[in-house]
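Written out below as structure tokens is the structure these notes cover.
The values are calculated or read from the model by the stated rules, or taken from the named source; none is laboratory data. Nothing here was measured: the structure is a model prediction, and the numbers come from that model. With ideal geometry, Cβ positions are generated from the backbone for all residues, glycine too; neighbour counts draw on all protein chains shown. Keep in mind that these areas ignore ligands, DNA and RNA; they rest on the heavy atoms of the full protein, side chains included. Shrake-Rupley method; radii C 1.70, N 1.55, O 1.52, S 1.80 Å.
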Amino acid sequence: MQVDDASERLQDFLQWCDRVGLVLSKKVCLSTEGTVVDYGMLAKEDIEEGEVLFTIPRSALLHQETTKVSALLKKEKSSLESTSGWVPLLLALLYESTSPESHWRPYLSLWPGFKALDHPMFWSKEERDKLLKGTGVPEAVATDLSNIQREYADIVLPFIMRHPELWNPNTHTLELYTQLVAFVMAYSFQEPQEEEDDEEDEEQRAPNPPMMVPMADMLNHVSTHNANLEFNPDSLKMVSVRRLRKGEEVFNTYGQMANWQLLHMYGFTEPYPENSNDTADIPVACLYQAAAQDVQSEPERQLFDERFKVLSQMMEENAAFVFSDQGCLTDSELHSALKLLSMSQEEFSEFRDNEGWEDDDEDDDDKISQAFSNEGLPDLKSSWKRLIHEAARLTLRSYGDAELESDRKLMEDGADLKGRSSRRWRALQVRFGQKVILHRLLELTAS
């Protein structure tokens with residue numbers, strides 16, 4: 001990015017902010033220098049906890065109800081329904097990003113052509129498979145691209161063909177649509193649901209659709225953030241959550257995100273070991289392979305297959321057990337899986353007759369959480385430890401030939417890889433962080 005062009009676009013955006021009533025504290029400034037990526041926000045002086053850094057009127061937000069084509073999107077809402085729920089916003093962005101008269105042009109111009117986005121979905125398949133093998137990212141991207149192509153072909157293209165006065169398939173292509181999906185993934189916000197007394201109703205309600213929040217999306221993310229976005233009836237406010245020193249960058253949080261999720265959704269990673277939310281997954285399939293090694297006879301095979309069929313019904317397709325540097329985060333699921341796979345024929349028959357387990361003191365949530373923490377793992381039943389150990393070993397094999405120490409050496413000597421523009425460096429951060437967690441798990445479950 002040319003600094004002069006970026007600075008000019010930034011000034012145009014700030015003037016637009018003034019016009020739309022977006023109020024920026026005099027204690028902060030947007031900058032193209034001294035921040036972790038192209039744009040960011042810096043403290044111009046010391047800031048105390050609880051100070052409002054900027055206020056965004058809801059009229060400045062860009063979403064399906066504020067866009068110039070909102071009436072049409074509302075009228076044809078039923079034809080725009082999709083699994084993602086993003087189609088109305090994406091159609092608004094297709095229109096606004098290519099309209100010279102768009103109210104949001106100074107805002108959207110901060111990302112010229114959306115060409116700078118470097119999510120793994122824009123890497124070649126060969127590059128993804130080579131650099132991110134075993135991390136779960138290539139599979140997630142393949143699902144994304146398939147869904148995007150189907151959504152565009154089945155919903156978006158027929159819609160824009162019906163409205164040639166507003167959209168043009170030669171301009172509003174699948175390529176641009178894909179870039180805008182990445183833009184929404186990386187920069188949009190979802191307003192939290194209002195709290196309801198009835199938890200069941202709350203679970204059934206669809207999440208609020210995403211929206212673009214000018215200024216808020218200029219803040220970068222770290223797990224140890226210092227600011228948070230608050231949603232109010234008339235405006236949104238970014239508020240400091242701790243004291244900031246002059247010159248410090250203002251960071252928002254995108255939630256508790258592991259590095260593989262950050263790379264997949266946002267196109268960046270936190271440097272190891274700074275991401276306190278990093279995780280590694282052990283696929284259920286690896287636990288299956290580990291448990292299958294104990295099967296010696298045909299009756300045992302039949303019992304094993306029956307138990308695993310029940311386990312598959314209990315868990316989502318392609319499910320995994322998630323581990324952090326503190327232990328298992330999906331401890332209840334792992335506990336149930338291990339308990340089921342370790343059942344004798346008599347215990348399994350009783351389980352099926354009772355349609356589940358009877359209440360057991362061992363199934364107390366707090367006890368399970370402690371048992372599958374790093375402190376509790378060494379004291380698990382030896383048969384359970386062995387299954388976890390073998391499943392972790394099989395998971396590590398999925399990363400390919402590179403050993404942990406090889407990646408560690410790259411981390412130490414990889415000055416040429418450093419920088420957020422390097423795909424190899426970002427992939428290494430994901431890969432290495434996951435391997436460290438899995439190797440720690442091997443140590444804790446060793447015989």
Checked Q302, Q261 against criteria (buried (at least 18 other Cβ atoms within 10 Å of the Cβ) and without any contact (Cβ under 8 Å) to a residue 12 or more places away in the chain); the one match is Q261
Can you say whether E175 is in a helix (DSSP H, G or I), more than 20 Å from the chain's Cα centre (by Cα) and without any contact (Cβ under 8 Å) to a residue 12 or more places away in the chain, as far as the supplied structure shows? yes
Options P88, P106: the member that is crowded, with 17+ Cβ neighbours inside 10 Å, closer than 22 Å to G21 by Cα and either in contact with a helix residue (DSSP H, G or I) (Cβ under 8 Å, 6 or more places away or on another chain) or polar (S, T, N, Q) (or both): P106
Among helices (runs of 4 or more DSSP H) completely within the range 98-169, the ones holding 2 or more residues that are among the charged types (D, E, K, R) and out of contact with any Cys (no Cβ under 6 Å at 6 or more places or on another chain) are 125-131, 137-151
Filtering the range 33-69 down to residues that are open to solvent by 30 Å² or more (accessible area, probe 1.4 Å), of a type in the set (S, T, Y) and farther than 21 Å from S240 by Cα yields S59, T66
Would a scan of the range 283-299 turn up a residue that is modelled with pLDDT under 90, open to solvent by 20 Å² or more (accessible area, probe 1.4 Å), assigned by the TED database to the domain that holds G327 and not in a loop (DSSP other than H, G, I, E, B)? yes
